[in-house]
Each structure stands twice: as C-alpha cells, then as structure tokens.
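A.B. asks: Please read through the structure below; I'll follow up with questions.
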Amino acid sequence: MSEFNNGAGSADKKEDTKGDSKLSLTEQARIAKIQDAVLRARMLREKKDTTSHKFWDTQPVVRDIKDELEKGVQALQIASGKEGAAEKTSGYIKEQTVEGIRKEPYPLPAGFEWCVLDVNDAEQLDMMYNLLNRNYVEDDDNMFRFDYSRDFLKWAVCPPGYKVDLHLAVRAQKTGKLFGVITAIPQAMMVEGVKVEMVEINFLCVHKKLRSKRLAPVLIKEITRRVNLTGVFSAVYTAGVVLPGSIGCARYYHRSLQFKKLVEVGFTRVPSNQTMATAVKLNRVPSQPVTNGFRAMEERDVVGAHKLLMDYLANFKVYPFLTVDEFRHWILPKNKVVNSYVSTSADGTVENMCSFYHLPSSCVKHPTHSHIFAAYSYYNVATTVPLKQLMNDCLGQAKAEGQDVFNALNVMENDKFLHDLRFGMGDGNLNYYLFNWKCPDVQPEEIGLVLL
Ligand code: MYA
C-alpha cells in the first residue's frame, strides 16, 4: 500500500493542483482525488499482482485489482459530483442477515474439537497462555517471541460486553491439549465518519506442530460464523503479514531504555560512530517528569480523559468509538498491563494524557536474559504541552517501571516525537485490515487505532 505514496506520485500531484490558483479548495480536492484514482489504477496495472490466496480470495475483503479499480471509479464519481456516489465508498462488502448464517460449527480434522476458553478460570487461562507463550508471533530471525502475561490476556479479551463464546479454541479430543486459538471482542469503530459495529480479532495461533495444514482458515471461518450469529458482520485486525484486505500500513519505531541489555540480547547494535558509553548516555530519559502535575491516571479522571481522547480521535479516519466504560477498561492503570498518566488544570480538567501497555518478549535462545520488557505506546493526547515533552515524560515512567524498550507505531501524531526522542525505525510493518467493510486506503497518520 505504501508504494502508492512514493515521492514521484505526490510531487506530480502538487504541481498540477497548484497550477490553477483560481480553483476553489473543493475543486482542487476533487482534482486531487481524480489524480489519486488514476495513479492507483495505473500502478496496479503495472504491478500485476498475481498472488493467489486460496482462502482469502473467498472472503469479503478488498482483495484484487478489480476492487481497487472499482474504488478508483468511485473516487472519480465523487470527484465529478455524482449524487449518491459517496455512499458507495463505505458499507458492507457483503450484505448478510443473522437468519442466513450457518447454524452448525465448521468441521475439524478427525481427533480435534472446538472449545471455548473461560479465561477467568485459572486452568483455562494457563492453557491459552502456554499455547501463545510457545507458539505465538516471533521476529524474522526467531530470536524473540511475544509473551503476553496472563493478566494481560484476561484484560485483552474481557472488555465490557465480551462473550466467552468468542474466545475460541481447538483441542485434541483425547488429551484436551490446545492446538489453536482465535479471539473476538466487541468494538464499535468509526470509519471515515461512519459508526460501524465490529469485533476486533486477535491471538490467532496454531500450534507449531499443526502449521501449514489449513487450520487457520477454519478458525477464521468459525469465529466469523459465531460473530455473525451475534448480528455483527465486520471486523478489524492487524497483522505483520501482508494479506488481502489491508487498508493501511504502519511502521514500528523503537526507543532504547536499557541500551546495554538490548545490545546483549541482539535487539540493537552500538552505532558505528558511538561507543557503548556514549550510546548509553544518549539514551537517558528524565528521572522526574517535566510536565507540571504529571501523575498516574485515577478513576476521578476517567470522564474527563475519555472526552479528551474521543475529541482527539475524531481527527482520524479510523478509530475506536469507546464508551466511558470501555475507556475505563482499556486505559485506567493495571499493574504490569497498562500504565496511563494525566495532567490537569487547577479545577481538575484533564488536559494531557499518555499511556503504554506492557508486552514482554521471550528471548528464545539467550543463555542469561529470559525476556525483553517492552512498553508499547497506546493513546496519547497533549493540549497544553508539546506532545514531545509529554512523551519524554512517558519514556521516563516506562523506564522506572522496568521496561527495556519503548515501541511506537507511526500512527496518529507520533511522527511529531519519534525522531527528536531518538526512536529508531524498526524493520517490522504492521498492516491494518477491515473485514467486510469498504474503506479507502489510509495513511498511518490518519489511523487513530492501536490494537494489542
Ligand atoms: S495476527 C497474529 C497471527 N499469529 C501469528 O503470527 C502467530 C504465529 N503463527 C501462527 O500461529 C500461524 O502461522 C497462523 C497461520 C495461525 C498465523 N491472519 O493454517 P494455515 C492465512 C490471517 O495453513 P498456518 C492476528 O491474530 C494464509 O494467508 N490469515 O497456515 C489477527 C493462508 O491463506 P491463503 C493468515 O501458518 C488475525 C492461510 O492462512 C495469517 O498454519 C486476523 C494458511 O493457513 C494471519 N496472521 O497458520 C485473522 N497468517 O491461502 C483474520 C496466515 O488465502 C480475521 N494466514 O493465503 C478475519 C475476521 C474474522 C471475523 C469476522 C467477523 C465479522
């Protein structure tokens, strides 16, 4: 997707639209849209994307050149002012009703059965934890693997309105051992100004012994069926892999907090123009916050901080529509799961907030270090201080909390602080996906959503 954003394309666009200064802003925007559509169609034709996806090609996601060209045609229709054309750029890809949804679960290979995971039961939570701890996402060199804590998993899959039926797993009939998992949680999303009831999909995992046997498509079809039976027909998810249905692509940036340890585990290197001592010094963070009144968020801040965040998120094309209860669940501090901070005016109005969640990774092969402790930037809003200052305070808190590295995506306004606060660009992309909802491509800075 980012290919469409190359320098040549945007330079062309600026030249042409600037050329006629008599055009109104609306007309200029229309012309820009036409140019985008034409450019997109041309590049897609040239790209000749021949990848075939046996499963994804059957699913309601934007997936091929034809769809992309259709998007282009719609943009042209909007640009030429045709009534009603705008409606077509958002909406379901496939219209469905609960009545039309299959009633029986999809069949599994012999010896396996469906089960659900009640993560409030310690034993079932352990089963989910162990499957993920040994089989979930690894980096390209298989050096690190996500190690979501048990408390984190409970928090991640039990927001207000969650359904146990959507914490889906596959187990061996004889032994009860888990071989696969996928979860869905309810979350209304705002997509280009339209509120859509969706689920967020996460924790898709197949045991290493059962890889490449097409179990993942069965898990996805079964969770889709179960979600559809609740009257919800669209979903949002992120993945490192490129699949059909992507609406945008963000990049991870990393800020070292414990530089020496990160070098020892092979996560980072000492730059060629620095010594270890210089690099350690350059990566220092404030031990005390600079922002006046900076403190951990508390229950009394929830209503004000919720309003601050929702007003801010309204600036983006894709963001979660959080109720106050959902906000409380996701943002109020939870030990070793999520940290959040605010500063307020004298009368208690929340003016600034920042937050991060805790996602350690196991060091798969390292003899002495078992984990990298990583903080992930979550939702941040600065209204009375520069965002850079607020995030520098946030880095200090993360370090005080024992984190080795602070990770952030280049979504929302994060570009405003990444460079100056010495974040280095990672080699991983994160693709954002919508299932069964049309949406034009979005740039990272137009995304107001961070998934866990
Ligand atoms: S992203 C995290 C994904 N998990 C991991 O990376 C953990 C480690 N890897 C594994 O456990 C396995 O490799 C997985 C694939 C399970 C990923 N998302 O069974 P297979 C397609 C979607 O033979 P396996 C997260 O959790 C692949 O293109 N599809 O493969 C969000 C191929 O299809 P096609 C994926 O390697 C998940 C097919 O699977 C992914 O044994 C969102 C091959 O199946 C992936 N990350 O297992 C899920 N990776 O032939 C979608 C591969 O067509 C939700 N594939 O190319 C959709 C919305 C559903 C709800 C809708 C409600 C309305």
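A.B. asks: Could you please report the charge total around Arg150, scoring K, R as +1 and D, E as -1 over all other residues with beta-carbon less than 13 angstrom from its beta-carbon?
C.D. replies: -2
A.B. asks: As a footprinting exposure proxy, order Lys209, Lys399, Lys94 by other Cβ within 10 Å, with the fewest listed first.
C.D. replies: Ranking Lys209, Lys399, Lys94 by Cβ neighbours within 10 Å, fewest first, gives Lys209, Lys94, Lys399.
A.B. asks: Hey, what do the phi angles of the stretch 109-117 turn into as Karplus ³J(HN,Hα) couplings, whole Hz, using 6.51/-1.76/1.60 and θ = phi - 60°, x for Gly and Pro?
C.D. replies: So the Karplus estimates, Gly and Pro as x, are x, 4, x, 10, 9, 6, 8, 10, 10 Hz.
A.B. asks: Right, here's the next one. Which of His53, His167 comes first, and how do the rest follow, when ranked by fewest Cβ neighbours within 10 Å?
C.D. replies: His53, His167
A.B. asks: Taking H as built 1.01 Å from N, whose amide H comes closer than 5 Å to the amide H of Cys249, not counting residues under 5 places away?
C.D. replies: Under 5 Å from the amide H of Cys249: Tyr432.
A.B. asks: Tabulate in residue order the Karplus-calculated ³J(HN,Hα) for the stretch 267-272, using 6.51 cos²θ - 1.76 cosθ + 1.60 with θ = phi - 60°, rounded to whole Hz; enter x for Gly and Pro.
C.D. replies: 7, 9, 10, 6, x, 4
A.B. asks: May I ask you to derive the FRET efficiency for Val303 and Ala110 from their Cβ-Cβ distance with R0 = 51 Å, giving the value to the nearest 0.05?
C.D. replies: Calculated value: 0.45.
A.B. asks: Once amide H atoms are placed 1.01 Å from N in the peptide plane, what residues at a sequence separation of 5 or more from Phe179, or on another chain, have their amide H within under 5 Å of its amide H?
C.D. replies: Excluding prolines and chain starts, which carry no amide H, the hits are Val170, Arg171, Ala172.
A.B. asks: Can you tally the lysine pairs in the stretch 249-431 where the Cα-Cα distance is under 19 Å and the two residues are eight or more apart, or on different chains?
C.D. replies: So the count works out to 13.
A.B. asks: At a 10 Å Cβ-Cβ cut-off, how would you order Val342, Val318, fewest neighbours first?
C.D. replies: Ranking Val342, Val318 by Cβ neighbours within 10 Å, fewest first, gives Val318, Val342.
A.B. asks: Expressed as a whole number of Å, what is the distance separating the alpha-carbon centroids of the stretch 316-345 and the stretch 380-435?
C.D. replies: 16
A.B. asks: Follow-up question, since we're still on this one. Compute the relative contact order of the stretch 249-431 as a whole-number percentage, counting only Cα pairs closer than 8 Å that sit 6 or more residues apart in sequence.
C.D. replies: Across the stretch 249-431, relative contact order equals 34 percent.
A.B. asks: Further, regarding this structure: Using the beta-carbon distance between Asp57 and Thr368 and R0 = 35 Å, what value does 1/(1 + (r/R0)^6) give for FRET efficiency, to the nearest 0.05?
C.D. replies: That pair, Asp57 with Thr368, gives E of 0.15.
A.B. asks: Work out the length of the dipole vector of the stretch 334-452 about its Cα centre, built from +1 on the beta-carbon of each Lys and Arg and -1 on the beta-carbon of each Asp and Glu, and round it to the nearest 20 debye.
C.D. replies: 440
A.B. asks: Would you please give the residues with an amide H less than 5 Å from that of Gly424, counting only those at least 5 places away or on a separate chain, with H modeled from the backbone geometry?
C.D. replies: His254, Arg255, Ser256
A.B. asks: Taking the alpha-carbon centroid of each part, what is the distance from the stretch 190-228 to the stretch 236-275 in angstrom?
C.D. replies: Value for the Cα centre distance between the two parts: 25 Å.
A.B. asks: Moving on. Could you grab the relative contact order for the stretch 98-243? Cα pairs under 8 Å, six or more apart, rounded to a whole percent.
C.D. replies: So the answer I get is 24 percent.
A.B. asks: Return the sequence-ordered ³J(HN,Hα) values of the stretch 94-102 in whole Hz as given by the Karplus equation 6.51 cos²θ - 1.76 cosθ + 1.60 applied to θ = phi - 60°, using x for Gly and Pro.
C.D. replies: Coupling constants for the stretch 94-102: 10, 7, 9, 10, 4, 4, x, 8, 4 Hz.
A.B. asks: Fully extended, how many nm does the chain gain between Ala296 and Ser272 (0.36 nm per residue separation, minus their Cα-Cα distance)?
C.D. replies: Residue separation times 0.36 nm, minus the Cα-Cα distance, leaves 4.8 nm.
Taken together, the values in this text are just the output of simple stated rules run on the coordinates, not laboratory data. All values derive from a computational prediction rather than experimental measurement. So basically every Cβ, Gly included, is an ideal-geometry build from the backbone, and we count neighbours across all protein chains shown.
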